[in-house]
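FYI, it's all coordinate maths here, none of it is from the lab. Here the structure is a predicted model, which is why all the values come from computation and not from measurement. Cβ placement follows ideal geometry from the backbone for every residue including glycine, while neighbour counts extend to all protein chains displayed.
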Amino acid sequence: MIFARKGTERRGRTPEDLNVNVVNMIDVMMILISFLLMNGAVQTYSTLAAPDLIPPVSRSEDPVAFETEVAVTERAVLLDGEVVEGNFRDYEDGEVRLLSALDAGLKRKHERLSEAKGVPAIDPDTGLPSPGNPVIIKSDRKVLFKQIQKVMFTCNQAGFDKIEFAAIKEGT
Amino acid sequence: MSAVSGGARRETLSVNVVNLIDILIILLVFLLTNFATSTFEDLTSVPAGMPVWGRDAGSGVAREKLDRVEVRMESQPGFTIVLGFSDREPAVVRVPANGPAGFDYARLSRELLSVKQSWEFRHDVLLEAEKDLSFDVIVKAMDAIRSIDMGVVAGVMPLFPRVALTDIPN
């Protein structure tokens, strides 16, 4: 950036150049912008999973476990960030209790987790997926309870019976 | 920025970066605002069980007397606390809806506090909610059941930390 010094031309002398070096400032700003853009992208993915998902507020102090994450909006259900039930709203008036696509996704994940932990995937006593796995349900605050119930029932049937709801901590 | 060409005369080449800096500053302000609003929305979790019939309710002095604590949640009339006893008829406490504003969560907590003071060993409550209620009010009711806000000095006091969720049977 170049500025002409005031008054030099009036006295008839050659104008002098004043250089302000802004290269370092631009470097710093670029790094800061890159950091903020990356942070924004990661934050949106990991905490909300969908743009139309606004969790309720709670005064609970319990930490959130992100091992298995089911996000519920008014239109769709996502399992670990991927849409598994794209027509969730269609079930609103129906008597559907088990969400088949979510059930299949959870059972696949259950098998992988059991394999990694070295425990049997199927409970020999009941013939159902072995229980004891945690799941966090991140639901939009406007979703109806009857829809949440379907998600809870499906999680429970797939062996994810330690259910927790995600909420925004009060006062944050 | 300047450069010397030809050796005889010094020429000045200038690159106008003012517009670039303007855009970068606007972008920076926007991203910082976004960062401030998103990062500090700290997430927490609310444990929610499903009812398991016939499970042991716990142990304690008054175990034989109080079998179950149920909270019914309906848009009208509001909350209904049902205390089921093994040796007598259930006791019912009504917490009417707080006008058009909705449910009276503070009064529900106060009523449950008096239950908790009589039966300290109880930790679980069955919340029976109307199917068409929103998730937001369900979580608020769970908060009111799990703890009571006693103000700045006393803080938050735990009530019934284990809440099982189901719908109201027809």
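A few notes on this one:
- Within region A:148-172, considering residues that are touching an Asp or Glu at 6+ places or on another chain (Cβ under 9 Å) and at the interface with chain B (Cβ under 7 Å from one of its Cβ atoms), the one nearest to B:Pro47 (Cα to Cα): A:Glu164
- Some residue of region B:101-110 being over 29 Å from B:Lys65 (Cα atoms) and more than 14 Å from chain A (Cβ to nearest Cβ): yes
- Restricting attention to region B:107-121, the residues being in contact (Cβ under 8 Å) with a residue 40 or more places away in the chain and not acidic (Asp, Glu) number 8.
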